[in-house]
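Data block below; observations after.
The values are calculated or read from the model by the stated rules, or taken from the named source; none is laboratory data. Predicted model only: the values in this text are computed from it and were never measured. Cβ placement follows ideal geometry from the backbone for every residue including glycine, while neighbour counts extend to all protein chains displayed. Heads up: the accessible areas ignore ligands, DNA and RNA and are worked out on the full protein's heavy atoms, side chains in. Shrake-Rupley method; radii C 1.70, N 1.55, O 1.52, S 1.80 Å.
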Amino acid sequence: MRVPLLVGGNPNVLVFYYTGNGSTTFDPFVTTSSGVNVSWKPDDAPETVTSGTTHNFSYTPSAGSHMCVVRVAGGLGLVTRLNCEVDLLTQIRNLQKCIAMTQLDCYTNPSIMLPLSQIPRTVTILTASGGA
C-alpha cells in the first residue's frame, strides 16, 4: 500500500502500516513530553483526536492491509514513548523524527520491517521482535 503523496512527503507525521484481520484491535499509544493534541487517522475509520500527554487509540480494522497517519501538534520531537505491541505492524515511517523518544515497545509484531537505523538514537529501552 502506498502512502498518499501529501503524507509521504510530510516528516511531521508517523505512518503505521499494519494488517487487520477483522477481529484484532489496533491500539498503539504515544506519550508526549507536554500536553498536546494527537490526531489518529486510519484509512478505514474516522479520525480520532486525543489530548494530554498519554494518547491511547484503539479500533478494530477490517481484514487486509491498512495505514494510520498520526499527527502530533507541536511535532514528532515531543514524542517520548511509542507502544505498538501486538498491533500486526509491518512498517512505521518517520520514526527517526521522534528525537526525544526514550522508549519503543514494538514486540509481538512478527512481520514488522523496522531497520535499526530508523530507531532514534535517544531510545534507551527497546522491546522488539520481527525485523527490528
Here are the criteria: (1) without any contact (Cβ under 8 Å) to a residue 40 or more places away in the chain; (2) open to solvent by less than 60 Å² (accessible area, probe 1.4 Å); (3) under 25 Å from S33 (Cα atoms). Tell me which single one N109 does not satisfy.
(3)
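Yes/no matrix, rows are residues, columns are (1) under 15 Å from the mean Cα position of the chain (by Cα); (2) under 21 Å from T50 (Cβ atoms):
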| site | (1), (2) |
| --- | --- |
| V69 | yes, yes |
| E85 | yes, yes |
| M101 | yes, yes |
| T108 | yes, no |
| M113 | yes, no |
| L116 | no, no |
| I119 | yes, no |
| T122 | no, no |
| L126 | yes, no |
Within region 64-92, which residues are at pLDDT 95 or above and among the charged types (D, E, K, R)?
R71, R81
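Considering every residue within region 18-28, establish whether at least one is under 11 Å from the mean Cα position of the chain (by Cα), surrounded by fewer than 18 Cβ atoms within 10 Å (Cβ to Cβ) and touching a residue at least 24 places away in the same chain (Cβ under 8 Å).
If we filter region 18-28 for residues that are under 11 Å from the mean Cα position of the chain (by Cα), which is where we start, we get 18, 26-28.
Narrowing further to those that are surrounded by fewer than 18 Cβ atoms within 10 Å (Cβ to Cβ): 27.
Narrowing further to those that are touching a residue at least 24 places away in the same chain (Cβ under 8 Å): 27.
Yes, there is a match, as at least one residue in region 18-28 is under 11 Å from the mean Cα position of the chain (by Cα), surrounded by fewer than 18 Cβ atoms within 10 Å (Cβ to Cβ) and touching a residue at least 24 places away in the same chain (Cβ under 8 Å).
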Among the strands (runs of 3 or more DSSP E) contained in region 51-132, which hold 1 or more residues that are in contact with a Lys or Arg (Cβ under 7 Å, 6 or more places away or on another chain)?
64-72, 103-106
How about region 71-106: which of its residues are open to solvent by 30 Å² or more (accessible area, probe 1.4 Å) and of a type in the set (A, V, I, L, M)?
A73, L78, V86, L88, I99, A100
